[in-house]
Amino acid sequence: HFLYEMSQNLADQEDSIRKVIIIGLLNQQEFSHLFKAGTEINALIHSSLPSDKELAISIISELKHVRFTESIETLMNDQNHAVRRAAIIAACKLKVRPLLPNLTTLLAEPANRYIVLQGFQQYGDELFHDIQDLDPELADNFEQEFIRTAGRVKGPYSTNYLLSKLPVTIHTDRTIHSLWIKGYDPVTEE
């Protein structure tokens, strides 16, 4: 009851309090609580204020049991650089697999390149499992970036990705360097 009462005056609350209330409402089983939280997040996402959009992304980043794929995709293309950056990082942090093609395409844009590469590091080792479903042409266009990222994350998927690139890539030196950065210790002489 306390959460629902507090949610009646959400606009009057500080952003940190609004965030806690909305997350609390989303963790409830009652439809009216979920509806109120959903309405508030939707209003934040579609607000004209960048600070509201960033608050929405902050809330979305905390939620593991609810997906906001379309909302994150919309915010990844926002005009405001800070909002776009936060959305890209959130998509990677939450490992939103359907957005991988969009994220990879953003690598071609100089303004987003560094942010996406940072995000891929937060995506972690699972990135190299999930990129197997990417359009091969798209994956090949950014092979150099994936090789560099694979050298900076730990895990079997990134290591296997690098090993699969050794005999066939034009970036053999970079691949070997990434394996060296990972501290890869070959098992066989081959």
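Here are a few things to note about the model shown:
- Spherically averaged projected area in nm², based on the convex hull that wraps the Cα atoms of the range 77-136: 3.8 nm²
- For the range 123-132, 3J(HN,Hα) computed residue by residue from phi via the Karplus equation (6.51, -1.76, 1.60; θ = phi - 60°) reads 4, x, 4, 4, 3, 7, 7, 6, 6, 4 Hz, glycine and proline entered as x.
- Remark: the residue 74-residue 137 segment gains 20.2 nm on full extension, using 0.36 nm per residue and subtracting the alpha carbon distance.
- Given their separation in residues at 0.36 nm each and the Cα-Cα distance between them, residue 152 and residue 111 gain 12.6 nm when the chain is fully extended.
- Cα-centred dipole magnitude for the range 18-86, charges only on beta-carbon of K, R (+1) and D, E (-1), debye, nearest 20: 140 debye
- 222 nm mean residue ellipticity, helices alone, for the chain (DSSP H n ≥ 4; -39,500 (n - 2.57); rounded to 500): -19500 deg cm²/dmol
- Couplings for the range 14-21, taken from phi via the Karplus curve 6.51 cos²θ - 1.76 cosθ + 1.60 with θ = phi - 60°, read 5, 4, 5, 6, 4, 4, 4, 5 Hz in order; Gly and Pro are left as x.
- Heavy-atom accessible area per residue - the chain, 1.4 Å, Å²: 57 Å²
- Measuring nothing but protein heavy atoms, the accessible surface of the chain at 1.4 Å probe radius is 52 percent carbon and sulfur.
- For the range 111-117, backbone phi angles converted through the Karplus equation (6.51, -1.76, 1.60; θ = phi - 60°) give residue-by-residue couplings of 5, 10, 3, 5, 5, 5, 4 Hz, Gly and Pro being listed as x.
- Multiplying the residue separation of residue 14 and residue 63 by 0.36 nm and subtracting their alpha-carbon distance yields 15.7 nm.
- Once the mean of 1/r is taken over each pair of separate Cα atoms and inverted, the range 1-145 shows a Kirkwood hydrodynamic radius of 16.1 Å.
- Mean projected area (nm²) of the alpha-carbon convex hull when the range 70-190 is viewed from all directions: 7.4 nm²
- Summarising the label geometry, the points placed 7 Å from Cα in the beta-carbon direction at residue 34 and residue 187 lie 4.5 nm from one another.
The values are calculated or read from the model by the stated rules, or taken from the named source; none is laboratory data. If you're wondering where the values come from, they're calculated on a predicted model, not measured in any experiment. Positions of Cβ are backbone-derived with ideal geometry, glycine not excepted, and every protein chain shown enters the neighbour counts. What goes into the accessible areas is simple: the full protein's heavy atoms, side chains included, and nothing from ligands, DNA or RNA. Shrake-Rupley method; radii C 1.70, N 1.55, O 1.52, S 1.80 Å.
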